[in-house]
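Contents: one structure, followed by commentary.
The values are calculated or read from the model by the stated rules, or taken from the named source; none is laboratory data. Keep in mind that this is a model prediction, so the values were computed, not measured. Here the Cβ positions follow ideal geometry from the backbone for every residue, glycine too, while neighbour counts run over all protein chains shown. To get the accessible areas, we keep the full protein, side chains included, count just its heavy atoms, and leave off ligands, DNA and RNA. Shrake-Rupley method; radii C 1.70, N 1.55, O 1.52, S 1.80 Å.
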Amino acid sequence: MSDAIVPKVDSPPVYETDEPVLYHAAEGIARITLNRPQFHNVQNSQMSYALDDAFKLAVDDDDVKVIILKSDAKHFTAGHDIGSPGRDFHSSFERRLMWYDHANKGGAEKAYIREQEVYLGMCKRWRALPKPTIAQVHGACIAGGLMLAWVCDLIIASDDAFFQDPVLQMGFPGVEYFAHAHELNPRIAKEFLFLGERMSAERAYQMGMVNRVVPRADLEAEVARVAARIAEQPRLALQLAKQAVNHMETLAGKEAGIDASFGYHHFAHANNQLVSGDYIAGFSGKSMAEKNKEREAGKA
Ligand code: ZN
């Protein structure tokens, strides 16, 4: 109704690092390391834009044949940042896609515009980047973390890794990049969403969501071995193979389904705003973690 109702802006973000993502390239392989270890690599916009920069570096470097996305922290990533001091939902960044700035908008428009750019737009952009990508996953890969793993071409996990989308309890159908029913078969995807429980790496492997599961001590070496083998292949053929498979997925409705589900996700954001006054229903990273612990304890 009115653009004038702009929600109150939280205090400005306090970043704990200027390098939320590390980049290293050698011998045909780029390694992109998520680098907010104090906060389990939760993704703020600062990290998402740095990640976009890193992917761009890897794409632009003709010597890079394959890209590994990894973490040296306790976990791969615990999802989107909904509570660290560096949470920067209200901050403007130089946008990468053709969306206008969200920061000075109100109503449901604000989150919708931001997530079109930072979540949906960037995930699609990274999935389509013209070089093979490997997610090297250990520890937690939760909610927004799934989005990062899913846009990679291969997922290689250690046996301690787990995957979880617990956002149903916040009123959402699932995370913004709603690939659940493509990554898992539909019935398993529903179980994954309805229960919001952890899926072990082994189970994810059985479901075809993960390529390989190896002992934690072997993860780095196994990913390096696979990446080196891929790097021996001709660049164009790799890109064509990737594009062909991605196109098959597009023909099977993956992108259209994700786009439609993004609308459901934002209906839920708007409903949360109407019902509770907060677009994520008053949840924070801390309260989500506490709920998760209770649920896991209840299971035991
Ligand atoms: Zn959202």
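Does segment 84-99 include one or more residues that are without any contact (Cβ under 8 Å) to a residue 40 or more places away in the chain and part of a helix (DSSP H, G or I)? Checked segment 84-99: no residue is without any contact (Cβ under 8 Å) to a residue 40 or more places away in the chain and part of a helix (DSSP H, G or I). Pairs meeting the criteria (first residue in segment 107-123 and closer than 15 Å to Met147 by Cβ, second residue part of a helix (DSSP H, G or I) and within 11 Å of the ligand (Cβ to nearest atom), beta carbons under 6 Å, at least 6 apart or on different chains) are Leu120/Phe262; Cys123/Met147. Here Ala201 meets the list (1) within 28 Å of Asp60 (Cα to Cα); (2) crowded, with 17+ Cβ neighbours inside 10 Å almost entirely, failing just condition (1). If you go through segment 170-183 and pick out every residue that is away from the ligand (no atom under 11 Å from the Cβ), of a type in the set (A, V, I, L, M, F, W, C) and open to solvent by 10 Å² or more (accessible area, probe 1.4 Å), you end up with 1. Consider Gln239 carefully, then state whether it is away from the ligand (no atom under 16 Å from the Cβ), within 30 Å of Ala58 (Cβ to Cβ) and assigned to a loop (DSSP other than H, G, I, E, B). No: the conditions fail for Gln239. Checked against (1) touching a helix residue (DSSP H, G or I) at 6+ places or on another chain (Cβ under 8 Å); (2) within 16 Å of the ligand (Cβ to nearest atom), Cys141 meets all criteria but (2). Screening the candidates Val42, Val66 for the property of being buried (at least 22 other Cβ atoms within 10 Å of the Cβ) and either within 26 Å of Gly174 (Cβ to Cβ) or within 16 Å of the ligand (Cβ to nearest atom) (or both) yields one hit, Val42.
Scanning for something more than 16 Å from the ligand (Cβ to nearest atom), surrounded by 15 or more Cβ atoms within 10 Å (Cβ to Cβ) and either modelled with pLDDT of 95 or more or not in a strand (DSSP E or B) (or both), does segment 260-275 turn up at least one residue? There is no residue in segment 260-275 that is more than 16 Å from the ligand (Cβ to nearest atom), surrounded by 15 or more Cβ atoms within 10 Å (Cβ to Cβ) and either modelled with pLDDT of 95 or more or not in a strand (DSSP E or B) (or both). Of all the listed residues (Glu290, Glu255, Glu296, Glu222), the sole one being more than 16 Å from the ligand (Cβ to nearest atom), modelled with pLDDT under 95, assigned to a helix (DSSP H, G or I) and in contact with a Lys or Arg (Cβ under 8 Å, 6 or more places away or on another chain) is Glu296.
When residues in segment 151-169 are screened for being within 16 Å of the ligand (Cβ to nearest atom), open to solvent by 10 Å² or more (accessible area, probe 1.4 Å) and either touching a residue at least 40 places away in the same chain (Cβ under 8 Å) or of a type in the set (S, T, N, Q) (or both), 1 of them pass.
Scanning segment 33-54 for any residue that is at pLDDT 95 or above, closer than 19 Å to Leu154 by Cα and part of a loop (DSSP other than H, G, I, E, B) turns up nothing. Of the residues making up segment 106-150, those that are open to solvent by less than 10 Å² (accessible area, probe 1.4 Å), among the small types (Gly, Ala, Ser) and farther than 23 Å from Gly253 by Cα are Gly106, Ala111, Ala135, Gly139, Ala140.
Kindly check whether there is at least one residue in segment 94-113 that is at pLDDT 95 or above and under 16 Å from the mean Cα position of the chain (by Cα). Checked against the condition, which is being at pLDDT 95 or above and under 16 Å from the mean Cα position of the chain (by Cα), segment 94-113 yields no hits at all. Each residue in segment 144-177 was checked for being farther than 30 Å from Leu240 by Cα and either outside any helix (DSSP H, G or I) or of a type in the set (Gly, Ala, Ser) (or both), and 11 pass.
Scanning segment 210-254 for residues that are surrounded by 17 or more Cβ atoms within 10 Å (Cβ to Cβ) and more than 23 Å from Ala30 (Cα to Cα) returns a single hit, Lys254.
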